[in-house]
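Written out below as structure tokens is the structure these notes cover.
The values are calculated or read from the model by the stated rules, or taken from the named source; none is laboratory data. Please read all numbers here as calculations on a predicted model, not as lab measurements. Glycine also receives a Cβ, built like all others from the backbone with ideal geometry; neighbour counts cover every protein chain displayed.
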Amino acid sequence: MRERGSNVNKGLLFILGTALISGVSIFLNAFGVSGLNPFAFTGMKNLIVAIFLISVILLATRARELRSLSLKQWGYLSLIGLIGGSVPFLLFFKGLSMGSGAAGAFMHKTMILWVTLGALLFLKERMNWKIILGAAALLVGNFLLLKLSGIALSEGLVYTFIAALLWSGEVLVSKHMLKDFSGSTVAFGRMGIGAAIILVFLMVSGRLTSVLSWSANAWGWVLMTSLFLLGYVWTFYNGLKLVNASTAVAVLSLGSVITSVLQLAFLGKAFTPGQIVGLVLLAVGVAVFWWLQRGLSWAGPIKA
């Protein structure tokens with residue numbers, strides 16, 4: 001029991017690290033190089049991260065994991081790359097470019113709902129009123145933090161919604177794969193195969209040549225954000241291996257809190273009363289999932 005509790009604590013800390021990286025990264029994006037094609041930018045980041053990850057796998061002597069993959073397991077990794085590391089990125093950026101804005105960002109936050117439902121149906125995670133309360137707090141908290149007054153249906157919003165559904169499905173498939181493989185291997189599937197798919201899209205659409213005109217400053221920004229992304233996927237998948245899928249996505253919500261605090265501290269962006277309520281609700285929602293996960297670690301096996 002103590003070992004199980006220790007592993008869960010380690011998993012929670014991994015995901016907490018992911019939230020910290022996410023919050024800082026989103027804050028820094030406001031100072032990034034403008035004018036870069038978002039599809040090419042994402043493709044180059046994913047490619048660099050994939051190269052880093054394959055190096056980590058080889059140095060950690062986990063190459064045998066890749067060699068031991070069956071055709072079916074390679075299929076799962078390819079699915080993770082398709083619905084996690086490529087198509088949803090393209091859809092999400094397309095949706096944002098069509099003016100979905102804060103509403104589009106909120107669609108991404110609905111992942112807690114889809115992952116919680118999917119984990120109940122496919123991973124046999126437990127469900128009770130506390131989990132429902134925690135998920136509701138996270139949804140309402142994000143709605144208030146984004147200062148939304150309503151959501152109008154648009155084509156761009158549909159793209160971001162589909163992206164959120166695909167990312168949610170990827171979390172569930174990844175959790176299934178993590179029963180038998182390391183977080184680094186599953187992360188490589190997402191980033192490596194995902195990068196290959198995006199590169200094919202860039203070549204077919206004629207966008208790949210845009211990277212040739214990028215300045216040294218732009219490539220420096222790509223490299224820096226790639227390091228953040230590497231830290232994000234490495235901590236997330238190693239944490240997801242040890243905690244429930246719903247818990248992992250819930251704790252990630254702290255990234256929004258971290259970004260907001262940094263904006264207040266360095267940019268002077270004061271919170272509205274509604275945003276303060278939203279921050280409190282986010283903290284409550286994360287606390288519910290965190291507490292339930294720790295309780296499960298001592299009460300018995302974690303069903304995932």
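Observations on the structure shown:
- Region 267-280, residues that are assigned to a helix (DSSP H, G or I) and either without any contact (Cβ under 8 Å) to a residue 60 or more places away in the chain or more than 18 Å from LEU20 (Cα to Cα) (or both): LEU267, PRO273, GLY274, GLN275, ILE276, VAL277, GLY278
- GLN263 vs. criteria more than 19 Å from ILE26 (Cβ to Cβ) and either in contact with a strand residue (DSSP E or B) (Cβ under 8 Å, 6 or more places away or on another chain) or among the polar types (S, T, N, Q) (or both): no
- Among the candidates GLY231, GLY192, GLY255, residue that is over 17 Å from GLY85 (Cβ atoms) and in a helix (DSSP H, G or I): GLY255
- Residue count for region 71-111 under the criterion of being among the aliphatic types (A, V, I, L, M), closer than 25 Å to ALA152 by Cβ and in a helix (DSSP H, G or I): the result is 9.
- Considering only residues in region 1-51 that are free of Cβ contacts under 8 Å to residues at least 40 places away in the same chain and within 26 Å of PHE289 (Cβ to Cβ), the one that is farthest from the chain's Cα centre (by Cα) turns out to be ARG2.
- Qualifying residue in region 214-232 (condition: in contact with a Leu (Cβ under 8 Å, 6 or more places away or on another chain), surrounded by 19 or more Cβ atoms within 10 Å (Cβ to Cβ) and closer than 17 Å to LYS10 by Cβ): no
- Within region 10-47, considering residues that are modelled with pLDDT of 95 or more and of a type in the set (S, T, N, Q), the one farthest from ALA187 (Cα to Cα): SER22
- Within region 85-115, considering residues that are of a type in the set (Phe, Trp, Tyr) and touching a Ser or Thr at 6+ places or on another chain (Cβ under 6 Å), the one modelled with the highest pLDDT: TRP114
Residue-by-condition table, conditions (1) polar (S, T, N, Q); (2) closer than 23 Å to LEU281 by Cα; (3) in contact (Cβ under 8 Å) with a residue 12 or more places away in the chain:
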position	(1), (2), (3)
LYS109	no, yes, yes
THR116	yes, yes, yes
TRP129	no, yes, no
PHE143	no, yes, yes
SER154	yes, no, yes
TRP167	no, no, yes
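- For region 233-261, taking the residues that are of a type outside the set (A, V, I, L, M, F, W, C) and closer than 15 Å to SER184 by Cα, the one that is surrounded by the most Cβ atoms within 10 Å (Cβ to Cβ) is identified as TYR237.
- Just one of the listed residues (LEU66, LEU47) is farther than 29 Å from TRP221 by Cβ, surrounded by fewer than 20 Cβ atoms within 10 Å (Cβ to Cβ), out of contact with any strand residue (DSSP E or B) (no Cβ under 6 Å at 6 or more places or on another chain) and of a type outside the set (D, E, K, R), and it is LEU66.
- Per the listing ARG190, ARG207, the residue uniquely under 19 Å from the mean Cα position of the chain (by Cα) and charged (D, E, K, R) is ARG190.
- The set of residues in region 122-151 that are over 21 Å from ALA270 (Cβ atoms) and of a type in the set (Gly, Ala, Ser) comprises GLY134, ALA135, ALA136, ALA137, GLY150.
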